[in-house]
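All remarks here apply to the structure that follows.
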Amino acid sequence: MTLLRTKMEGWRPPADWPVITAIDAHTEGEPLRVIVGGYPRLEGSTILERRLQARLNHDALRTALLWEPRGHADMYGCLITAPVTASADFGVLFLHNEGYSTMCGHGIIAVTKVALEAGLLPMQSPETRVTIDTPAGLVVAFARIERERVRSVRFRNIPSFVYMLDRKVHVPGLGLVRYDVAFGGAFYAYVRAADLGVTCTPDDLGELIRKGRAIKRAVIQTTDINHPLEPDLGFIYGTIFIDEPQGKHAHSRNVCVFAEGQVDRSPTGTGISGRAAIHYRRGEIGLNESIVIESIIGSSLIVCVKEETAFGPFKAIIPEVEGRAYITGRTEFCMDPDDPLSSGFILR
């Protein structure tokens, strides 16, 4: 039996099959598949230009790697690229079931973990600074190092700001829904779970997805969303439900439903950055004050308002988000040219 296993372990795909390697990780339960080899080189002087090139020329690789049978409807991915600014260590492009996101907090935490523990960058104890180009701008992460392991990562996010507060929209099947809109790397519509008759728990997962998608569609149809600097960033990425906490030390709990009904297992780093901007605007948290926010599975992230700033015409904050990531595996994916489902499929 040992000999048979050895022979199988030595199997390699035929030379004419495309092969892509990835390191899988998760941040507080939310997966990140970091593509480390086999993906075509992306050209462009900005991450947004590379994002467009990936969407136009290589989208079948996104679906092949994230959709079934290699992934699932809630899989998330990351492509490491060369940096586009002089101070960055590398660039990232984040992938999900619908396309390519503008920023991703859980992704920053996990890709920092992978980049350091897989040897892309050297570790320095007790803390290593990692600077990352994202489609939404430059992000600086700080990895806490103990015994040559990344124990946690905190990152200074891009300026986050309130776009609108206390708006109402008619949602078919739900009636009039009150919402806020804020930007924390992406624009989200924020609603109270209790207002929608749901809780931020796995028991209500199906209803969260259904209502979250309906709210997102209604807000998109009735609200103009304009990013002050980049037109490509001006869209509602998802709906975030806010609920009471279940843990003793948490401020609250939230669930983000984004892309095509994808559900974040973590509290959503960009989402809680936008929430921090809302709470700060309303005087509910202060400068250098941290709050703990739970996810649908009970994991948590910490967000802190570190400073005030301006972003175009908006009063903004610089939030800092902290969480933990763990590597779960290294995978070699191959694409059989004869496989009719090689580019993947998705069931929701």
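The values are calculated or read from the model by the stated rules, or taken from the named source; none is laboratory data. For clarity, every value in this text was computed on a predicted model and none was experimentally measured. Neighbour counts run over all protein chains shown; Cβ positions are idealised from the backbone, glycine included. The area values use the complete protein model at the heavy-atom level, side chains included, leaving out ligands, DNA and RNA. Shrake-Rupley method; radii C 1.70, N 1.55, O 1.52, S 1.80 Å.
Side notes on the structure shown:
- For region 1-65 and region 123-200, distance of Cα centres in Å: 26 Å
- Within region 222-242: backbone nitrogen closer than 20 Å to the Ala194 label point (7 Å, Cα to C-beta): 240-242
- Peptides ranked, highest mean first, by Cβ atoms within 10 Å: ranges 222-229, 303-310: 303-310, 222-229
- Placing a label point 7 Å from the Cα of Gln221 along the Cα-to-Cβ direction, the residues of region 256-281 whose backbone N falls under 19 Å of that point are 258-261.
- Accessible carbon and sulfur surface of the chain relative to its total accessible area, %, 1.4 Å: 50 percent
- On the beta carbon distance between Thr85 and Asn57, with R0 = 22 Å, the FRET formula returns roughly 0.40.
- Global form of region 64-203, assessed from the alpha-carbon gyration tensor, a/c cut-off 1.5: prolate
- Among the listed values [x] 22.0; [y] 20.7; [z] 22.8, the one computed from these coordinates for Kirkwood radius over Cα pairs in Å is [y].
- Probe 1.4 Å, accessible area per residue of the chain, Å²: 44 Å²
- Net length gained if the chain between Phe345 and Glu332 were fully extended (0.36 nm per residue, minus Cα distance): 2.8 nm
- Positive dipole terminus of the chain, leading residue within Thr199, Gly38, Ile327 (C-beta point charges): Thr199
- Over the chain: helical MRE at 222 nm, DSSP H runs n ≥ 4 each giving -39500 (n - 2.57), nearest 500: -6500 deg cm²/dmol
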